[in-house]
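Below you'll find the structure, written out as structure tokens, and then a few comments.
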Amino acid sequence: MSTVFDIPTAELRRRRSAKWTTYPSDVLPLPVAEMDVRLAPGIAAALHEAVERGDTGYAGDVTELVEAFRGFALRRWGWKVEPDGVATCADVGVGVVEVLRRLIRPGDGVLIMPPVYPSFYPWLRESGARTVAVPLIDRERGGRLDLDGIERALADGTRVVLLCHPHNPFGRVHTAEELRALAELARTYGAIVLSDEIHAPLTHTGQGFDPYLTVSDAAAETGIAFTSASKAFNVAGLKCALIIADGRRDLLGEMPEELPWGVGHLGLIASIAAFSGEDAWLERLAASLAANVALLRDRLAEALPGVTFPEPRASYLAWLDFRALGLGDDPAAEFLARARVALGSGPAFGLHGEGHARFNFGCSPELIDEAVTRMARALRS
Ligand SMILES: Cc1ncc(COP(=O)(O)O)c(C=O)c1O
């Protein structure tokens, strides 16, 4: 199967998105979580048609989106989503912050599991939360929930857990067993689990995924999920996300009136197309991602021996461990300065981020090769 990552770099450099405009043109930009793909055909067609029609007003009724997502969730994960338990918002970040604002008072603890997606920290600050960090354990092997640590934090009064499932930056898909144990703890201590499932459609070939809300009755009662088409179909700039809170519909009723108005009309159109008819494109993407993981592993072994990363089971991010190379706390800063390769800075992911950097392999094999070559050359010189 041919790769979906086939866009020449010169063409990518004409993009005006954050990934391709944040750094000078001599830098290979690998931090921002966008993929270098063309849109899936059905999404491109739906957007072209909307532009042709001049159909660029406000987003209207979202019933079609909710139905498209319900179909997607049922086909992919056997998840029966109740339409009344779904709300829409501009993006996952906005949704999490608004839900947190309703769940906590300023200064209340919210549990996160570092190293984790850096925007979790500003989201918590924005909602007035205090960060309660319970790092993932077994990190060299892809990370696992520290259920004992989570129980201690809940016993200590924390009432909200922000789960990243699949986990960014490891690409770990938490198991149903772990999630059931988490849900039992949440029920016992009267806590809520906010499950950020934005990377879920990006599981690699052969890897299953259990949405948090499906793993048990306790999870359905204690969970609120957040998702969107934005990562999997590369439409983050179009702004459309879903909050699924079947067991906590009361909360959805308390959301700010203007929240659904943040949804972008083109985002709505693109998301309907994505969730309705692009399963085959996702399969092609998953195969391309697997090939890129293998290439990254081979090239690192050849050119930068000692640099390792846990096998990602979802998405397009690799958590590279540079500690054997003695590059200090922030290897990304070294590589930006010395190799003109931009990686995600490890310390921004919180505890245990030092000595690491995140590599976005949602790019062409040529760029992966070029990035590793430049990094190795910089270390030799
Ligand atoms: C785990 C996770 N959640 C949320 C987001 C951002 O989502 P949004 O743009 O919908 O706020 C990202 C982006 O990379 C992410 O990795």
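The values are calculated or read from the model by the stated rules, or taken from the named source; none is laboratory data. None of the values given here were measured: they were computed from a predicted structure. All Cβ positions, glycine included, derive from the backbone under ideal geometry; neighbour counts span all protein chains shown. For the accessible areas, the whole protein counts, side chains as well, though only heavy atoms, and no ligand, DNA or RNA atoms are used. Shrake-Rupley method; radii C 1.70, N 1.55, O 1.52, S 1.80 Å.
Brief remarks on what is shown
- Any hit, the range 336-351, residues being under 18 Å from the mean Cα position of the chain (by Cα) and part of a loop (DSSP other than H, G, I, E, B): yes
- Of all residues making up the range 27-81, the number that are over 30 Å from ALA333 (Cα atoms), among the hydrophobic types (A, V, I, L, M, F, W, C) and either open to solvent by 50 Å² or more (accessible area, probe 1.4 Å) or not in a loop (DSSP other than H, G, I, E, B) (or both): 16
- Filtered by the rule that a residue be free of Cβ contacts under 8 Å to residues at least 24 places away in the same chain and over 18 Å from ASP279 (Cβ atoms), the range 52-71 gives GLU52, ARG53, GLY54, ASP61, THR63.
- Against the list (1) touching a strand residue (DSSP E or B) at 6+ places or on another chain (Cβ under 6 Å); (2) part of a helix (DSSP H, G or I); (3) within 15 Å of the ligand (Cβ to nearest atom), the condition ALA270 fails is (1).
- Some residue of the range 111-125 being of a type outside the set (D, E, K, R), assigned to a loop (DSSP other than H, G, I, E, B), open to solvent by 50 Å² or more (accessible area, probe 1.4 Å) and more than 16 Å from the ligand (Cβ to nearest atom): no
- Cβ-Cβ contacts under 8 Å between residues 6 or more apart (or on different chains), taken from a first residue in the range 205-227 that is of a type in the set (Ser, Thr, Tyr) to a second residue that is assigned to a loop (DSSP other than H, G, I, E, B), are listed as TYR212/HIS165; TYR212/GLU197; THR214/GLY78; THR214/TRP79; THR222/ALA191; THR227/GLU197; THR227/ILE198.
- Lone qualifier among VAL32, VAL27 - being hydrophobic (A, V, I, L, M, F, W, C) and within 16 Å of the ligand (Cβ to nearest atom): VAL32
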